[in-house]
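Novice: The following block contains the structure, expressed as structure tokens.
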Amino acid sequence: MIPQNFEYSAPNTLSEALALLSSGNAKVLAGGMSLIPLMKLRLAAPEHLVDLGRVPDLKAIREEGGSVRIGATVTHYEIESSPLIRAKCPLLAEAASNIGDVQVRNMGTIGGSIAHADPAADYPASLLALEAQVRIASAKGERTARIEEFLVDALSTALEPGEIVREVIVPIETAGTGVSYQKMVQPASGFAIVGAAVRVRKSGGKVAFVRVGITGLAAKGFRAAAVEKLIEGTAGSAADVQKAANVVADGVDANSDLSASAAYRRQMAKVYTARALTQALARIS
Amino acid sequence: MKIGGSYTLPVARDRAYQLLQDPEVLARCMPGTDHLSKVGPDEYEMKMKVVISAVQGLFAGKVRITDQKPPEQFRLAVEGSGKVGFMKGGGLLTLAPATVTTGMSIRGSEGTEVRYEGDAQVGGTIAGVGQRLLDTTAKMIIKKFFEKLAEVAAAAPQPAAT
């Protein structure tokens, strides 16, 4: 279908973009992988689109002060294939390579994905496990939010009107960390029915550090603190992994839809958390 | 789609029941609704603007309250339709005294647990393409409603004790 008429601006600088957005009714366009289909179905009818695709500032991937900073309009494909990200934040590269299909990865952006905050998106699991931060910009200035604070609920974030995601700040991975992202994919949409991201390190044969991020199971991605607690200090045997993974859905209000009921999702969350833990442990160099 | 859950309000049961029957309070608490107009006994017309992410849906519909057994329970039926689709739902709300442990309570520890159990149908474009998100969205709207209701309950002046 054809969208309703709208104004279109494609600013060349960040300050120009922020000025346009501060004026009120404008909606941000990044890769357009969620917004454009909604507009074509006329479920969304923004009066004014501000396309961030021509702002060079937002396209950069750079290393700074122990972190990799990824601009909002960096595409999933660029993340998946960036030598810097593959070397320093391998979990994020793995997550990006699992998103949707090749067309979506070529167009879709990290900033657009997290700002849309789909409960089944792939990034939240990894960004939570990585303890990433989001740098937010508006005409009034900039602020930084932890990813936990940024993701508020299904399809809602801490972004205020006039604010955009400027970049995602991901700490550089510590040597000796094993990582894995395991996802049960919904074949038609490419979204995660459930996805589990794990980072793990051992010291003296015991699990000394572990981070587990889950997506798809609940209204928003979350850190599975109970799983982390159970696996920490163990040898990370198959039995330890299973025992820890079994608590991933405890107390979680699970999503339900035609492709997966809440009970099935909870069960799959256990399975995929166990797989991610197992693979991450095996990948410890 | 089955809908069910519970929410604890920081007011006594009589007061909670009264708030849940008050069209002005309902209008203030339903996200995107600013007015309920009475069209019959315990029947109201409403306009609701649902804004979720980039999606905006304008629904026009009706709210009906039936089977009242104050202050324990009543049935609520909601239906609405708009360009993006239609929705129809109904459920039983049960109120039970509960203890409030948060700082929200305004009268000691008196609270009310509101349980809801019901069914909802959503159709049209929004259900066709958004099926994956219907359950999550419904939960989010209900949560917002109760959060706002708790806020209204805590802020509203108590009726004089008799």
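Please treat every number below as a calculation from the coordinates, not as lab data. Source: prediction; values computed, not measured. Every residue, glycine as well, gets a Cβ built from its backbone with ideal geometry; the counts of neighbours run over all protein chains shown.
Novice: Going by how many other Cβ atoms sit within 10 Å of their own, how do B:Lys38, A:Lys243 line up, fewest first?
Specialist: Fewest to most other Cβ atoms nearby, the residues stand as B:Lys38, A:Lys243.
Novice: With a bin width of 10 angstrom, please list the P(r) values of segment B:1-63 as percents of all Cα-Cα pairs, from the 0 bin to the one holding the largest distance.
Specialist: Result returned by the calculation: 18, 40, 37, 5.
Novice: What FRET efficiency comes out for A:Ser259 versus B:Lys144 if R0 is 22 angstrom and r is the Cβ-Cβ distance? Round to the nearest 0.05.
Specialist: It comes out at approximately 0.25.
Novice: Quote the FRET efficiency, to the nearest 0.05, computed for A:Lys243 versus A:Thr174 with a Förster distance R0 of 35 Å and r equal to the Cβ-Cβ distance.
Specialist: 0.85
Novice: Where Rh is the Kirkwood radius over the Cα pairs of segment A:7-49, the temperature 4 °C and the viscosity 1.567 mPa s, what D in µm²/s does Stokes-Einstein return?
Specialist: D, rounded to a whole number, is 118 µm²/s.
Novice: Could you work out, residue by residue across B:48-55, how many beta carbons of other chains sit within 10 Å of that residue's beta carbon, and then give the average as an integer?
Specialist: Mean partner-chain Cβ count within 10 Å for B:48-55: 5.
Novice: Taking each pair of distinct Cα atoms in segment A:242-282 once, what is the resulting Kirkwood hydrodynamic radius in Å?
Specialist: This gives a value of 10.6 Å.
Novice: While we're here: Using R₀ = 22 Å, calculate the FRET efficiency as 1/(1 + (r/R₀)^6) where r is the Cβ-Cβ separation of B:Lys62 and B:Ile3; round to 0.05.
Specialist: Between B:Lys62 and B:Ile3 the formula returns 0.75.
Novice: Scale the Cα Rg of segment A:17-96 by the rule-of-thumb value 2.2 N^0.38 Å and send over the ratio, two decimals.
Specialist: Here the Cα radius of gyration is 1.32 times the empirical estimate.
Novice: Still on this structure: Taking only the alpha carbons of segment A:58-171, what extent do you get along each of the three principal axes, in Å, biggest first?
Specialist: 34, 31, 24
Novice: Per residue Cα convex hull volume for the protein assembly as shown, in cubic angstrom?
Specialist: Taking only Cα atoms, the protein assembly as shown has a hull volume of 162 Å³ per residue.
Novice: Would you order A:Thr177, A:Thr273 from fewest to most other beta-carbon atoms within 10 Å of each residue's own beta-carbon? Don't skip to the end; give the middle numbers.
Specialist: Working: A:Thr177 20, A:Thr273 30.
Lowest count first: A:Thr177, A:Thr273.
Novice: Moving to a separate point now. Per q in 0.13, 0.15, 0.19, 0.21 1/Å, what log10 I(q)/I(0) does a Debye calculation on the alpha-carbon atoms of segment A:178-283 return?
Specialist: Log10 I(q)/I(0), no solvent term: -0.41, -0.54, -0.83, -0.99.
Novice: Turning to a different aspect of this structure: Relative contact order for chain B: what percent, with Cα pairs under 8 Å and sequence separation of 6 or more?
Specialist: 28 percent
Novice: Provide, as a two-decimal number, the C-alpha radius of gyration of segment A:1-140 over 2.2 N^0.38 Å, N being how many residues it has.
Specialist: 1.07
Novice: Can you sort A:Leu277, A:Leu43 so the residue with the fewest Cβ neighbours within 10 Å comes first?
Specialist: Going from least to most buried by this count: A:Leu43, A:Leu277.
Novice: Within the set of other residues whose C-beta is less than 12 Å from the C-beta of B:Met87, count the net charge using Lys and Arg as +1 and Asp and Glu as -1.
Specialist: Once all neighbours under 12 Å are counted, the net charge is 0.
Novice: For peptide B:78-86, what's the mean number of Cβ atoms from other chains within 10 Å of each residue's Cβ?
Specialist: Counting Cβ atoms of other protein chains within 10 Å of each residue's Cβ and averaging gives 1.
Novice: Restricted to Cα positions, what overall size does segment B:1-147 have along the principal axes? Three whole-Å values, descending.
Specialist: 47, 33, 24 Å, listed from the longest principal axis down.
Novice: Right, here's the next one. Post the alpha-carbon centroid distance, segment A:235-262 to segment B:51-88, in whole angstrom.
Specialist: Each part reduced to its Cα centre gives a spacing of 34 Å.
Novice: Could you work out how much longer the chain between A:Ala188 and A:Ala158 gets when fully extended? Use 0.36 nm per residue separation minus the Cα distance between them, nm to one decimal.
Specialist: On the way: separation 30, 0.36 × 30 = 10.80 nm, distance 2.97 nm.
Here the answer is 7.8 nm.
Novice: Also: Based on alpha-carbon centroids, what's the gap between segment A:118-182 and segment B:31-49 in Å, whole number please?
Specialist: Each part reduced to its Cα centre gives a spacing of 39 Å.
Novice: Mean separation of Cα pairs under 8 Å and 6+ residues apart, divided by the residue count of chain A: what relative contact order is that in percent?
Specialist: Values: 674 pairs, mean separation 44.7, N = 285.
Value for chain A: 16 percent.
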